[in-house]
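**Student:** Let me begin by handing over the structure; questions about it come next.
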Amino acid sequence: MGHSWRTACWVGLVALLLFVPITGLVLSGYGLQLHWQRPLWLAGAVFLGYWPFVWLWNRWRSGSQSSSRTAQSGHAARPGRAWQRPLGIALALLLALLLPFLLGKYGLGVVTLALIYILLGLGLNIVVGLAGLLDLGFVAFYAVGAYTYALGYHYFHMSFWLALPLGALLAACFGMVLGFPVLRLHGDYLAIVTLGFGEIIRLILNNWVSLTGGPNGVSAPFPTLFGLEFSRRAKQGGVPLHEFLGIDYSADHRAIFLYLLLVLVVCTMIYILVRLKRMPIGRTWEALRENEIACRSLGINHVTVKLSAFGLGALVGGLGGVFFAALQGFVNPTSFTFFESAHILAIVVLGGMGSTTGVIVAALFLTVLPEMLRDFADYRVLTVGIAMVLMMLWRPRGLRQRRRPVFQIPTAVASGQAGVGGRDDR
Amino acid sequence: MDLYILAQQWVNGLVLGSTYGLIAVGYTMVYGIIGMINFAHGEIYMIAAYLTAIFLALFGLLGIQSLPVVLLGVLLLTVFFTALYGWSVERVAYRPLRHSTRLAPLISAIGISLILQNYIRISQGARNQGVPPLLDGVFRFPSDSLDQRFIQITYLQSLIVVVALLSMALLTWIIQRTALGRACRATQQDRVMANLLGVHTDRVISLVFVMGAAMAAVAGLLVTLNYGSFDFYVGFLMGIKAFTAAVLGGIGSLPGAMLGGVVLGLAESFFAGFVNSDYKDVFAFSILILFLVFRPNGLLGVPEVEKV
């Protein structure tokens, strides 16, 4: 106990030293304002928070050692809950379909944006969560998708439905071209190269005024449905949707349409991802993440496997970008800063890397919650940062680390014993 | 081409490059010893910039006027507190992850980077901050020139180069000649073996973070005095540039960091002066990507052999 007192005092003292100059002395012009209470409060909080933190940390440490037993019992009980999963999915889908009628226009806009972030999170999840490649310039592919639609419309009157595959493919091409040389290198270099690439794309979009309009951006039109427009009056001989269907015009139609379209795309993407994870390629991604040297010595071509993950992630990012341009009706480089990449990364990390459900929950959480807690807007990014660090301390391998697909010998289950041979015992 | 403009760009590049080099030291030493890219290092530099302004203002409030006393006092205080930040970051966010997955420390570093940026933004405000001009005056060569035909070096610019060289010399001396430096080199070569032979490797790694942060603090002080204005976002760009310098010189190599810094500074300054100043950041990032792709070991680095 005496030892822990001393340590806590040390921690508090260091915290006080750290907080005094930055929070206690605030610059105003060339002078200073004194806020002598703030460092005291903060250091006091650190001092008092030391014991609960250490207690939790030790508890988790000892918990993680005996966790294989709890995982085992949880796994044996799984067949009894087999009906829960489809029911959960059905309920979620029903809620997703009813949501536009429950929420107002503003709420729907927020949820639509959240869906785009789910899409982006799913894309980055392939790269970071499954393949274990840290991509810090994911926003570049997002920007490629968004600008493909905006510039495509601006110069060639490209329709949304053409831009959707084209933007995705273009983003994938960018990803491949960038990824191919870099993926041969040491893993950490990828992070910094993608970071640099993201900034290059943003700076070019910002500076090449004659092509992209620079900081003023480019506008992008709203998508049409089989050539039918969502405006009150159609342009140049087009037919507005409400006239075609014989219903009254409502500005909500287009918002609902985009929302439902995104729900469809996100669901398709989730389905594809769930299948991909079980396919050999998905298994290889995860194997490569866990031990690259072992995989290479087993004859796996690490470059092509990584490239497939990187390209697929970029493709999904491009898809998200096209939707973003359509939703905003306007794109400019300020939407594609490094912070945006960090935000998407936070979605993947807080969702528990590699978990699809986690990504969905985290994306909803990180998009909807800030809208509800406007008063705490200043503390949003700070909290996200703290959560990222804590997540790494707590579960660096992601939430679903012990729930890999395993094959079990049927007789072992039938006789009431958990399968021993097929278990992943890590 | 005007020879004087060329020489002037040379001077500007050298000054810029020495600050890149100082920050790059932090990246290169940390990478050398634990093989990790410390993404939060740019924010450490940013904190140093704020601390410089805060301590300058504090000395102003206390009524200390003498320039050498102020400069030395601010330098010591800034270095001490920045190093404390560097040490705490390592202790809190990296050390517990030493035996974790490869990605964990990187993501943790991004988290720390977000935390430090917003910690500064919330406590000091998002607006641009500045420091009063302390050291005015220029050297001109030739001094009797009337039109544009001269090279000028401000006192501050020469101070930057001199202080950067002195700090690098001090650091090299520490690494090459002292027992601490020997422990650092031993840990870098083989951490487990060094540990077995009685080197307290955890303490050495902390020390490396402290030294890296101290060098970033020197850079933060010099750049802040030179440019006079900064905000909570300056660490991001400076961080990538300095990392580029570290890669350019060969990551893990101490003289390489300084060389890389100077080369990058010169290249950037010439590009901005003679090609296009809008795209000078794009140019720097392109150098980074090209070097990582075609010559990942940099100018002075040795090839990395991955052992099982």
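Just so you know, all these numbers are worked out from the coordinates, no wet-lab data involved. Predicted, not measured: the structure shown is a model, and the values here were computed from it. Here the Cβ is made from the backbone with ideal geometry for all residues, glycine too, and neighbour counts use every protein chain on show.
**Student:** Expressed as a whole number of Å, what is the distance separating the alpha-carbon centroids of segment B:57-135 and segment A:316-386?
**Tutor:** 27 Å
**Student:** Here is a further query. Where does segment B:73-144 land on the Kirkwood hydrodynamic radius, alpha-carbon pairs, in angstrom?
**Tutor:** 15.9 Å
**Student:** Specify which residue in the list B:79, B:200, B:133 is farthest towards the positive end of the charge dipole of segment B:54-204, using unit charges on the beta carbon of Lys, Arg (+1) and Asp, Glu (-1), about the Cα centre.
**Tutor:** B:200
**Student:** Using only the alpha carbon atoms of segment A:265-343, find the Kirkwood hydrodynamic radius as the inverse mean reciprocal pair distance, in angstroms to one decimal.
**Tutor:** It works out to 14.8 Å.
**Student:** Return one number: the angle in degrees, 0 to 90 and rounded to the nearest 10, between the long axis of the Cα atoms of helix B:155-177 and the longest principal axis of the Cα atoms of chain B.
**Tutor:** Tilt relative to chain B: about 20 degrees.
**Student:** Pop the C-beta distance of residue B:139 and residue A:57 into the FRET formula with R0 = 60 Å and round what comes out to the nearest 0.05.
**Tutor:** 0.60
**Student:** A further question follows. What would the Debye formula give as log10 I(q)/I(0) at q = 0.06, 0.07, 0.09 Å⁻¹ for the alpha-carbon point model of the protein assembly as shown, no solvent?
**Tutor:** Log10 of I(q)/I(0), two decimals: -0.40, -0.55, -0.90.
**Student:** With contacts defined as alpha carbon pairs under 8 Å and 6 or more residues apart, what's the relative contact order of segment A:303-366 in percent?
**Tutor:** Rounded, it is 16 percent for segment A:303-366.
**Student:** Mind putting a number on the dipole of the protein assembly as shown about its Cα centre? Charges go on the C-beta only, +1 for Lys and Arg and -1 for Asp and Glu, and I need it in Debye to the nearest 20.
**Tutor:** For the protein assembly as shown, the charge dipole is close to 2500 debye.
**Student:** For the protein assembly as shown, what is the calculated [θ] at 222 nm in deg cm²/dmol (nearest 500), taking -39500 (n - 2.57) for each run of four or more DSSP H residues and dividing by its residue count?
**Tutor:** Value at 222 nm, helices only: -23500 deg cm²/dmol.
**Student:** Putting +1 on Lys and Arg Cβ atoms and -1 on Asp and Glu Cβ atoms, find which of B:189, A:15, A:396 reaches farthest to the positive end of the dipole of the protein assembly as shown.
**Tutor:** The residue sitting farthest along the positive end of the dipole is A:396.
**Student:** How many nm separate the modelled label positions at residue B:7 and residue B:65, each set 7 Å beyond the Cα in the direction of the Cβ?
**Tutor:** 3.8 nm
**Student:** List the residues, sorted by chain then number, that are 5 or more residues from residue A:330 or on another chain and whose placed amide H is less than 5 Å from its amide H.
**Tutor:** A:220
**Student:** Roughly how large, in nm² to one decimal, is the mean projection of the convex hull of the alpha-carbon atoms in segment A:137-204?
**Tutor:** 4.5 nm²
**Student:** Can you compute the equivalent ellipsoid semi-axes for segment B:106-245, i.e. the square root of 5 times each eigenvalue of the Cα gyration tensor, sorted largest first and rounded to whole Å?
**Tutor:** Listed largest to smallest, the semi-axes of segment B:106-245 are 36, 24, 11 Å.
**Student:** Something else about it: Counting only other residues whose beta carbon sits under 12 Å from that of residue A:281, what net charge do I get with K and R as +1, D and E as -1?
**Tutor:** Local charge sum for residue A:281: +4.
**Student:** What list of ³J(HN,Hα) values in whole Hz, one per residue of segment A:129-144 in order, does the Karplus curve 6.51 cos²θ - 1.76 cosθ + 1.60 (θ = phi - 60°) give from phi, with Gly and Pro shown as x?
**Tutor:** Working through the residues one at a time gives x, 8, 8, x, 9, 7, 10, 9, x, 4, 4, 4, 6, 4, 5, 4 Hz.
**Student:** Let me ask something else. How well do other chains shield peptide B:115-122, expressed as the mean number of their Cβ atoms within 10 Å of each residue Cβ?
**Tutor:** 6
**Student:** Follow-up question, since we're still on this one. So if I take the alpha carbon set of chain B, get Rg, then get Rh from the Kirkwood formula, what is the Rg over Rh ratio?
**Tutor:** Taking Rg over the Kirkwood Rh, I get 0.98.
**Student:** I need two numbers for segment B:4-88: Rg to one decimal and Dmax as a whole number, Cα atoms only, in Å.
**Tutor:** Spelled out, the Cα radius of gyration and Dmax of segment B:4-88 are 16.2, 47 Å.
**Student:** Right, here's the next one. I need the per residue convex hull volume for segment A:323-405, using only the alpha carbons, in cubic angstrom as a whole number.
**Tutor:** It is 117 Å³ per residue.
**Student:** Over segment B:42-168, what portion of Cα pair distances is larger than 25 Å, expressed as a whole percent?
**Tutor:** For segment B:42-168, the fraction of Cα-Cα distances above 25 Å is 46 percent.
**Student:** Number of Lys-Lys pairs in the protein assembly as shown under 29 Å by Cα, sequence gap 8 or more or different chains?
**Tutor:** So the count works out to 5.
**Student:** Could you pull out every residue, at least 5 positions away or on a different chain, whose amide H is within less than 5 Å of the one on residue B:139? Hs are placed 1.01 Å off N in the peptide plane, and Pro or chain starts have none.
**Tutor:** For residue B:139, whose amide H was placed from the backbone, the distant partners under 5 Å are B:153, B:154, B:155.
**Student:** Residue-wise, which Karplus ³J(HN,Hα) couplings in Hz belong to segment A:255-272, taking 6.51 cos²θ - 1.76 cosθ + 1.60, θ = phi - 60°, and x for glycine or proline?
**Tutor:** 5, 5, 4, 4, 4, 5, 4, 5, 4, 4, 5, 5, 4, 4, 4, 4, 4, 4
**Student:** Rounded, prolate or oblate, given the Cα gyration tensor of segment B:1-52, with a/c below 1.5 counting as rounded?
**Tutor:** oblate
**Student:** Provide the descending list of Cα extents for segment A:311-371 along its principal axes, expressed in whole angstroms.
**Tutor:** If we take the Cα atoms of segment A:311-371, the spans are 32, 32, 20 Å.
**Student:** Which three lengths, in whole Å and largest first, does segment A:95-227 cover when its Cα atoms are put on their principal axes?
**Tutor:** Sorted from largest, the Cα extents of segment A:95-227 read 50, 41, 26 Å.
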